[in-house]
Amino acid sequence: MRPLPAFGLLVFAVGCKDTEGILLHFDGPIAAAIVPAGSTIFDEPVGLVASQRSGMIVPLDLKAGRLLTLSKSASFLRTPALPTGQDRLLGDVEVYVNPEGATTVWATDTAGPSVLRIPWYSLDDAGEPVLVTAEAGGSGFVDVDGSGDDPDLLDVSVRDGFTTTEDWSISFDGSQWWAEGTASGQQTVQPVADVPWLSDHGELAFTLTGTASAGDRFEIHTETGLVETPTEDVVIDLLVVGDEAWGSYSDALGSGVQVWDAETGDLRRTVRFASGTGAGRMVLASVDGVETVFVADTRQGLVHQVDVATGTEVATLPAAGPVIDLAYVEGALSDGTPYHNLFSAPLGLSRVDVYDPVAGEPVDPNPVNSEAEGVFLGSPISGLAASIGTVWQQKETTYGARPRVPVIAVSTSDGYLFELDATTGCGATDLRGPHGPNQLWSTSDSYASLNDNGAESDSALWIDGYSGEQATFSTCGGVTQSESWTISYEAASTSWTVSGNHSGLQAAHAYDDVRYLSDDGAVSFLIVSGALPPTDGDQFLLSVDSGLLSIKGVDTDTDGAIDDALVFPGRPAAFQYTVGATGGGWDEVDRREMMLLPLTDADAAARMDLDAGKSEVEWQ
């Protein structure tokens, strides 16, 4: 290793295209990890984003909204990325910081059964960071046929942020040279004698001289300290727990978790689950003071509960189907009532369910219906993450206050980020909340009026003079969906049938002058009878908006309009930072709750402001 020079390392301009050996920052960003502020040398949180297609892990300055730099005198110089090789398929990334402050990045390679342990930096005696740098071994020539050929490689060089640990073979087939790296794959640019050569993505450079016979080759080893550790099978998810790195895997017989020493990479133990299971994503929890890892099962409708201290599975918890992701929050309500909420996203159900592992029963966010299931979010779930602290809610209470609650950020495959109240499982709503047409908000809103299909009738939907609404809605965000409700009079039963284009035909009928509540409590209204009674086929068409708070894109120029959509968002990663005064005076510390969200198909990452319910920073 050598210290980072005062002038920084080799730099490439932000925004360059993938030409001339210069990589884009992201190529299929698939996972993110957070180095919290104050946990290492960083005063502010740092994000690490792993790209599936390039094998690159890029560090980000999350508060400043730029690429990370360690140079205090030149903030425009980026810190080198952590390359792992173009032929790798990165899946997840985690960070381990040892007691001395040295930082190691763990990553999964879904191209094969292995995990990667990547040294990032250590601290010198003065507490300054010492980055791991790339080196190249001797360029040994192998004269296969013993003909006495003696070509040479001159000016062999590597580049920090591009070169990784691998073995290179520069071989001659009798007519031309070929270059291939064990982690970078076969190169498209072929070495030519006496012409300076650079690998496809800048990992290795040299000038080849002399001649050779078919089969002859050069062997070069490049080194960054990266260590590849074989695993039982392809590792699905990583989790750092204290001084251990946990990796979940599945094989033909079942699944389990392998646990390594996070510093040395030595295998400590394996937790094996039952036959037919499929270990997936994990979340660390403290359940009534007991350190626990919950492991999603991707093959069965259950969650594995593992005691960290004993390294044993202590329980399996039920789920509505194979589980995509998990999040966990525990705490106490304002009245002191404790809650322990495990959130799980069942495969294909477009919702997030809640379970209390202490009580051993599901948590029902909507007790009006008989099913204990999460609110509908409209699309399959991509990932979950719990906020670190509490988040300002947009919807005010009846007293005009904005509450703060812990939230679960939920990314969906159609490009949205939702927030769930972690104490209840209900969706956070925007300032207006669920609503129908309302002329108090907009004069262009048209109230639902009677579509009179028979003899003249004058029934009407009652309008609340205070709220301006023709209906009231569930206080649990997400129970009320965005849909059109059809209320049709049925003379045979002297009642009204009620149907939502998403909720379907309701079992309960509506009656004149009796307040109606839909089957799941989503919508309530009152039909006021008039002097002229309704007749068969009379209808009201009531359009309802869920009012769910959702972030659907990035407003990069802060003009209020979405500039870039969230194209196939991945699993969010939570962080926080403070702005302005940091306490000691009259003002409360201004703490911001954020999520880092990789956007896989957009080759970007976004900073999501949970308090404001929007995103205004995008890294490309």
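The number of residues in segment 49-84 being closer than 26 Å to residue 228 by Cα, modelled with pLDDT of 90 or more and assigned to a loop (DSSP other than H, G, I, E, B) comes to 8. Sub-6 Å Cβ pairs linking a first residue in segment 147-174 that is without any contact (Cβ under 8 Å) to a residue 12 or more places away in the chain to a second residue that is of a type in the set (Gly, Ala, Ser) and in a strand (DSSP E or B), at least 6 apart or interchain, number zero.
For first residues located in segment 108-136 and farther than 25 Å from residue 231 by Cα, partners that are acidic (Asp, Glu) and part of a strand (DSSP E or B) and lie 6+ apart or on another chain with Cβ distances below 8 Å form the pairs 134/223; 135/223; 136/223. The residue that is farthest from residue 130 (Cα to Cα), among those in segment 157-180 that are of a type outside the set (A, V, I, L, M, F, W, C) and part of a strand (DSSP E or B), is 171. Checked against the criterion of being assigned to a loop (DSSP other than H, G, I, E, B), under 30 Å from residue 161 (Cβ atoms) and among the acidic types (Asp, Glu), the candidates 233, 194, 237 yield just one match: 194.
Taken as a whole, the structure leaves residue 419 outside the set of residues that are under 25 Å from residue 590 (Cβ atoms), outside the structural domain of residue 537 (by TED's automatic domain parsing) and assigned to a loop (DSSP other than H, G, I, E, B). Annotation: of all residues in segment 452-480 being within 23 Å of residue 530 (Cβ to Cβ), touching a residue at least 40 places away in the same chain (Cβ under 8 Å) and among the hydroxyl-bearing types (Ser, Thr, Tyr), the one that is surrounded by the fewest Cβ atoms within 10 Å (Cβ to Cβ) is 472.
Per the listing 104, 110, the residue uniquely within 19 Å of the chain's Cα centre (by Cα), at pLDDT 90 or above and over 23 Å from residue 606 (Cα atoms) is 110. Checked against the criteria, residue 449 counts as surrounded by fewer than 23 Cβ atoms within 10 Å (Cβ to Cβ) and either basic (Lys, Arg) or not assigned by TED's automatic domain parsing to the domain that holds residue 514 (or both).
Scan segment 124-137 and give yes if some residue there is small (Gly, Ala, Ser), over 26 Å from residue 205 (Cα atoms) and more than 27 Å from the chain's Cα centre (by Cα), otherwise no. Yes, the conditions are met somewhere in segment 124-137.
For (1) assigned to a loop (DSSP other than H, G, I, E, B); (2) touching a Gly at 6+ places or on another chain (Cβ under 6 Å); (3) crowded, with 19+ Cβ neighbours inside 10 Å; (4) at pLDDT below 95, each residue gets a yes or a no:
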| position | (1), (2), (3), (4) |
| --- | --- |
| 487 | no, no, yes, no |
| 507 | yes, no, no, no |
| 544 | no, yes, yes, no |
| 557 | yes, no, no, yes |
| 581 | yes, no, no, yes |
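Taking the criterion of being under 22 Å from the mean Cα position of the chain (by Cα) and either in contact (Cβ under 8 Å) with a residue 60 or more places away in the chain or in the same structural domain as residue 383 (by TED's automatic domain parsing) (or both), the residues of segment 243-258 that qualify are 245, 247, 249. Here residue 334 does not qualify as touching a Gly at 6+ places or on another chain (Cβ under 6 Å), hydroxyl-bearing (Ser, Thr, Tyr) and either in a strand (DSSP E or B) or over 26 Å from residue 90 (Cα atoms) (or both).
Let's see how each residue does on (1) closer than 21 Å to residue 189 by Cβ; (2) among the charged types (D, E, K, R):
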| position | (1), (2) |
| --- | --- |
| 78 | no, yes |
| 89 | no, no |
| 98 | no, no |
| 126 | no, no |
| 133 | no, no |
| 143 | no, yes |
| 167 | yes, yes |
| 170 | yes, no |
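Here residue 43 does not qualify as assigned to a loop (DSSP other than H, G, I, E, B), farther than 20 Å from residue 281 by Cβ and touching a residue at least 60 places away in the same chain (Cβ under 8 Å). The residue list 537, 553 contains one member that is of a type outside the set (A, V, I, L, M) and over 26 Å from the mean Cα position of the chain (by Cα), which is 537.
Based on what the data block shows, is residue 270 hydroxyl-bearing (Ser, Thr, Tyr), under 30 Å from residue 103 (Cβ atoms) and touching a Gly at 6+ places or on another chain (Cβ under 7 Å)?
Here the answer is yes, as residue 270 does meet what is asked.
Among the residues of segment 389-442, those that are surrounded by fewer than 17 Cβ atoms within 10 Å (Cβ to Cβ) and among the aliphatic types (A, V, I, L, M) comprise 401, 431, 440.
Can you tell me which residue is nearest to residue 91 (Cα to Cα) among those in segment 259-289 that are loosely packed, with under 15 Cβ neighbours inside 10 Å and under 26 Å from the mean Cα position of the chain (by Cα)? Filtering segment 259-289 for residues that are loosely packed, with under 15 Cβ neighbours inside 10 Å and under 26 Å from the mean Cα position of the chain (by Cα), the one nearest to residue 91 (Cα to Cα) comes out as 261.
The values are calculated or read from the model by the stated rules, or taken from the named source; none is laboratory data. This structure is a prediction, so every number in the text was calculated from the model and none was measured. Every residue, glycine among them, receives a Cβ derived from its backbone with ideal geometry; neighbour counts consider all protein chains shown.
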